[in-house]
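Chemist: Below is the structure I would like to discuss, written out as structure tokens.
The values are calculated or read from the model by the stated rules, or taken from the named source; none is laboratory data. Given the structure is predicted, the values throughout are model-derived calculations rather than measurements. Note that each Cβ is placed from the backbone with ideal geometry, even for glycine, and that neighbours are counted across all protein chains shown.
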Amino acid sequence: MPDWRPMLKSRSNGIPRLMGVLNTTPDSFYVNSRVENTEEITLRALEMFEDGADWLDIGGESTRPGATKVSTKEELKRVIPAIESIRDEIPDLCISIDTMKAEVAAKAIEAGADMINDISSLSDPDMEKVILDYGTPVCLMHMQGIPENMQNNPNYSDVVSEVRDELFTSVKRLLDLGVNTKKIIIDPGIGFGKNLEHNLELLSAGRKVVPFDDISLMWGVSRKSIFMQLLGREDANDRLAGTLGVAASSINKGVDILRVHDVKEHNDLFKTMNSLADK
């Protein structure tokens with residue numbers, strides 16, 4: 001198993017860690033992130049690892065706007081063989097399980113996952129026990145509503161302070177149980193119950209949404225509908241430039257992990273930026 005501890009913080013030069021995204025789902029919003037079988041997902045994972053991924057995030061339930069839930073049985077069927085295969089083939093790659101279900105999280109960890117990525121911020125009452133029993137790091141994301149209705153009419157008086165306060169509440173639940181802040185990552189949830197202005201305010205705020213200094217910050221912006229609203233790019237295939245623009249700004253915003261579909265392109269971006277910074 002890899003040592004995931006240094007992978008929760010950005011590099012010493014401020015460049016974020018890269019988390020590649022692969023979905024064992026038929027309905028995730030970005031078609032190229034979908035994989036249909038264990039052999040394909042393992043090959044894609046190896047490609048991302050060779051391209052510079054520090055993490056791989058495996059999801060078995062789409063959380064795009066309007067997505068419907070899948071059963072625990074179906075989600076397990078989708079993710080467990082994938083995690084087992086990737087762990088066997090790429091022992092040095094850190095694996096994150098993207099799930100809202102405690103049972104899926106536990107079985108994914110037993111199969112080789114290193115981290116829980118819970119977009120619902122502990123909505124499953126058993127998730128806390130899984131975190132305590134296995135000692136894994138966890139990412140808590142902010143979402144107003146649920147995927148089925150989160151984009152109907154998102155509303156905030158002060159989106160930065162409200163997101164921070166709600167994340168504080170979730171984080172405090174773990175701290176009260178004895179979880180170390182260094183094992184907690186927060187994600188402001190770009191596109192999850194937010195309109196364009198909300199998303200831009202949260203990106204501009206950077207670490208202002210982080211409730212405690214030791215907690216890591218993750219952004220998941222890759223190819224999302226924010227670029228349709230901002231740039232008119234309706235097709236997710238046309239949103240890479242916008243995604244890289246946000247990634248470039250992440251260095252100055254204190255972001256520790258970037259969840260991305262295009263690992264090679266992000267790695268190239270950061271290598272170029274770092275080379276220029278050295279001159």
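Chemist: Only residues that are loosely packed, with under 14 Cβ neighbours inside 10 Å, of a type outside the set (Ser, Thr, Tyr) and either in contact with a strand residue (DSSP E or B) (Cβ under 9 Å, 6 or more places away or on another chain) or at pLDDT 95 or above (or both): list them for segment 135-167, please. Steps first, please.
Modeler: Within segment 135-167, the subset loosely packed, with under 14 Cβ neighbours inside 10 Å is 135, 148-149, 152-153, 155, 157-158, 161, 165.
Okay, now just the ones that are also of a type outside the set (Ser, Thr, Tyr), so 135, 148-149, 152-153, 155, 158, 165.
Those that are loosely packed, with under 14 Cβ neighbours inside 10 Å, of a type outside the set (Ser, Thr, Tyr) and either in contact with a strand residue (DSSP E or B) (Cβ under 9 Å, 6 or more places away or on another chain) or at pLDDT 95 or above (or both): 135, 158, 165.
Chemist: When segment 45-64 is examined, which residues are found to be within 15 Å of the chain's Cα centre (by Cα), charged (D, E, K, R) and modelled with pLDDT of 95 or more?
Modeler: 54, 57
Chemist: Which residue pairs have Cβ atoms closer than 7 Å, lie 6 or more positions apart in sequence or on different chains, and pair a first residue in segment 186-210 that is over 14 Å from residue 158 (Cα atoms) and surrounded by 23 or more Cβ atoms within 10 Å (Cβ to Cβ) with a second residue that is of a type in the set (Gly, Ala, Ser) and at pLDDT 95 or above?
Modeler: Close Cβ pairs satisfying both conditions: 187/220.
Chemist: Working only within segment 65-78, note down all residues that are surrounded by fewer than 20 Cβ atoms within 10 Å (Cβ to Cβ), over 18 Å from the mean Cα position of the chain (by Cα) and not β-branched (Val, Ile, Thr). Break it down stepwise before answering.
Modeler: Residues of segment 65-78 surrounded by fewer than 20 Cβ atoms within 10 Å (Cβ to Cβ): 65-74, 76-77.
From what's left, over 18 Å from the mean Cα position of the chain (by Cα): 66, 68-74, 76-77.
66, 69, 71, 73, 74, 76, 77 - these are the residues of segment 65-78 that are surrounded by fewer than 20 Cβ atoms within 10 Å (Cβ to Cβ), over 18 Å from the mean Cα position of the chain (by Cα) and not β-branched (Val, Ile, Thr).
Chemist: Within segment 61-111, can you find the residues that are touching a Ser or Thr at 6+ places or on another chain (Cβ under 7 Å), in a loop (DSSP other than H, G, I, E, B) and within 15 Å of residue 22 (Cα to Cα)?
Modeler: 61, 62, 64
Chemist: Show the residue pairs that are 6+ apart or on different chains and have beta-carbon atoms under 6 Å apart, the first residue being within segment 30-44 and surrounded by 17 or more Cβ atoms within 10 Å (Cβ to Cβ) and modelled with pLDDT of 70 or more, the second being part of a helix (DSSP H, G or I) and among the acidic types (Asp, Glu).
Modeler: The qualifying pairs are 42/89.
Chemist: Considering only segment 81-89, I want to know if a residue exists there that is without any contact (Cβ under 8 Å) to a residue 60 or more places away in the chain and within 13 Å of the chain's Cα centre (by Cα).
Modeler: Among the residues of segment 81-89, not one is without any contact (Cβ under 8 Å) to a residue 60 or more places away in the chain and within 13 Å of the chain's Cα centre (by Cα), which makes the answer no.
Chemist: What are the residue pairs meeting all of these: first residue in segment 263-279, first residue modelled with pLDDT of 90 or more, second residue among the polar types (S, T, N, Q), Cβ atoms under 7 Å, and 6 or more apart or on different chains?
Modeler: 274/13
Chemist: Right, another one. Take the residues of segment 54-101 that are among the polar types (S, T, N, Q) and out of contact with any helix residue (DSSP H, G or I) (no Cβ under 8 Å at 6 or more places or on another chain): which is nearest to residue 37 (Cα to Cα)?
Modeler: Only one residue tops the list, namely 62.
Chemist: Give the residue, chosen from 170, 216, 275, that is farther than 21 Å from residue 94 by Cβ and surrounded by 16 or more Cβ atoms within 10 Å (Cβ to Cβ).
Modeler: After applying the criteria, what remains is 170.
Chemist: Can you pull out the residues in segment 173-184 that are loosely packed, with under 13 Cβ neighbours inside 10 Å and either in contact (Cβ under 8 Å) with a residue 12 or more places away in the chain or in a loop (DSSP other than H, G, I, E, B) (or both)?
Modeler: 177, 178, 180, listed by residue number.
Chemist: For segment 239-257, which positions are crowded, with 23+ Cβ neighbours inside 10 Å and touching a helix residue (DSSP H, G or I) at 6+ places or on another chain (Cβ under 6 Å)?
Modeler: 239, 247
Chemist: Moving on to the next point. Identify all residues within segment 15-28 that are modelled with pLDDT under 95 and either closer than 21 Å to residue 252 by Cα or surrounded by fewer than 19 Cβ atoms within 10 Å (Cβ to Cβ) (or both); write none if there are none.
Modeler: 26, 27
Chemist: Check segment 258-271 and report whether any residue there is in contact with a helix residue (DSSP H, G or I) (Cβ under 8 Å, 6 or more places away or on another chain), among the basic types (Lys, Arg) and surrounded by fewer than 23 Cβ atoms within 10 Å (Cβ to Cβ).
Modeler: Within segment 258-271 (the criterion being in contact with a helix residue (DSSP H, G or I) (Cβ under 8 Å, 6 or more places away or on another chain), among the basic types (Lys, Arg) and surrounded by fewer than 23 Cβ atoms within 10 Å (Cβ to Cβ)), the answer is yes, since at least one residue qualifies.
Chemist: Restricting the first residue to segment 224-237 and requiring it to be over 17 Å from residue 21 (Cα atoms), which pairs with a second residue that is outside any helix (DSSP H, G or I) meet a Cβ separation below 7 Å and a spacing of at least six or different chains?
Modeler: 226/190; 226/191; 227/233; 227/239; 228/234; 233/239
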